[in-house]
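Q: Right, I'll just put the structure down here and ask away after.
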Amino acid sequence: MNGKTQNIVLGKKNIITKVLDAQNENKQDSIKTAAEILRNGGLVAIPTETVYGLAANALDPVAVEKIFQAKGRPQDNPLIVHIPDISWLEKYAEDIPEQAYRLAEAYWPGPMTIVLKKKSIIPSVVAAGLDTVGIRFPSNPIAREIIRAAGVPLAAPSANLSGKPSPTEALHVYNDLNGKIDAVVDGGPCGVGVESTVITLCDGTPRILRPGGITPEQMRKVIGRVDIDEAVTKKLKSGVKVASPGMKYKHYAPKAKVIIVDGDFSHFMDYVKNKKEENKRNAVLCFEGEERKIPMPAVIYGREGDADSQARGLFAALRKLDSIGAELAFAREPEKQGVGLAVYNRLLRAAAFDEEKG
Ligand code: TXA
Ligand code: MG
């Protein structure tokens, strides 16, 4: 891992991680138990429409600190604060520009995080020392009910070990964090599959720091000009200060070296034939149906030309690469339009910006 993590010994060793099912008749009990754990300063992974989040009471700095320990997350990477209603925005942010309300009216609840000037009630550990805070009102009904029942805003990064692909199923969370967190609420697979769009309104022209479930086009419809931060598609030069600290880390990475191959399927096949390495376990990340034409282990991550399905499938596919022991993986290039920009951004990071031009 690139960043520094604080090495604090956990107060409780060998926490038993409860799995709380929220898809059957026990749903209300599960929500109640999750809310109780959160109110008491514990950590609970919760489903959201984007990816599972590792939640703690955002107003309790001791609880929030445990998130960083459980994930092995660098201390300089701020957390998103999740609220259950637009009206809570003003409790935690100040100097809120008009554009924030317009975006919120249009796309909340949903996969969008707005970075605003923070109020002092938000502890500094949440914001990683910045004077801003990212706020999101998620649309997943289970997430909303848990926040309501807890009665406090929830700080929640993606519920993966730092550096690993974000979890889109409860099992992914369990595999990464069993024994490190109090509970995971199983709400089934996430509908969007990539994280929220992070937009800052604190810094001149509105700027997307991380592409996600709400597209730049959707945002421009509501507030006009929206820029896209350079770090979204370009590798940062070392020493450059980034607006969104998360963007500087190699992320979403399976153990395999990933190479994104652009161009059509036949170009992809030629490239793979020439560049596969005999002494390594090679694999491909491809679109549905292509696996039948590829004479090597293939993991599917959506349908060709369908950015939504690629978004839903990407993170599970990156984890699957690990489970089949892939060492070198050739990936079909995703759509770059709409939510595809987010898929492309995540895959670029998984590939450490290794892209082949065809
Ligand atoms: O969809 C999502 O956003 C999920 C679900 C759980 O809500 N959460 C998530 O959190 O992806 P995380 O921590 O894995 O990613 C948050 C990103 C990081 O890149 C972080 O640097 C950025 O948002 N971020 C958070 N607060 C920020 C702030 N105040 N200023 C700039 N960037 C911020
Ligand atoms: Mg994350």
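Q: Can you list the equivalent-ellipsoid semi-axes of region 286-358, largest first and in whole Å, using the square root of 5 times each Cα gyration tensor eigenvalue?
A: In descending order the semi-axes read 18, 14, 12 Å.
Q: Sort 146-152, 338-344, 320-326 by packing, meaning the average of other beta carbons within 10 Å per residue, with the highest value first.
A: 338-344, 146-152, 320-326
Q: A further question on this structure: Hey, any idea what % of region 57-212's accessible area is carbon plus sulfur with a 1.4 Å probe?
A: The value for region 57-212 is 49 percent carbon and sulfur by accessible area.
Q: How far is it, in nm, from the label point at residue 217 to the one at residue 288 when both lie 7 Å from their Cα along the line to the Cβ?
A: 2.1 nm
Q: Give the longest segment of the chain that steers clear of GluC sites (Glu not before Pro) in DSSP loops with at most 12 neighbouring Cβ atoms within 10 Å, not counting the sites themselves.
A: 26-276
Q: So, by mean Cβ neighbours within 10 angstrom, what's the order for 160-166, 16-22 with the highest one leading?
A: Listed from highest to lowest mean packing, they are 160-166, 16-22.
Q: Please go through the residue pairs 27/320; 180/276; 18/257; 234/280 and name each one whose alpha carbons sit more than 32 Å apart in this structure.
A: As for pairs spanning more than 32 Å Cα to Cα, those are 180/276; 18/257.
Q: Still on this structure, I have one more. Subtracting the Cα-Cα distance from 0.36 nm times the residue separation, let me have the gained length for residue 273 to residue 14 in nm, one decimal.
A: Gain on stretching residue 273 to residue 14: 88.6 nm.
Q: Moving on. So for the chain, what percent of the C-alpha to C-alpha distances run longer than 29 Å?
A: Counting pairs separated by more than 29 Å, the tail of P(r) holds 38 percent.
Q: A further question follows. Just 192, 272, 284 to compare: in a GNM of the chain, with alpha carbon springs under 10 Å, which one fluctuates most?
A: 272
Q: Just to confirm, what accessible area per residue do you get for the chain at 1.4 Å probe, in whole Å²?
A: 43 Å²
Q: Largest first and to the nearest Å, give the Cα extent of region 65-194 along each principal axis.
A: 42, 30, 25
Q: List the aspartates and glutamates whose Cα sits under 14 Å from the Cα of residue 71, skipping any in the same chain fewer than 8 residues away.
A: Residue 71 reaches 176, 182.
The values are calculated or read from the model by the stated rules, or taken from the named source; none is laboratory data. Here the structure is a predicted model, which means the values were calculated and not measured. No Cβ is skipped: glycine too gets one built from the backbone with ideal geometry, and neighbour counts run over all protein chains shown. Ligands, DNA and RNA are excluded from the accessible area calculation, which covers all protein heavy atoms including side chains. Shrake-Rupley method; radii C 1.70, N 1.55, O 1.52, S 1.80 Å.
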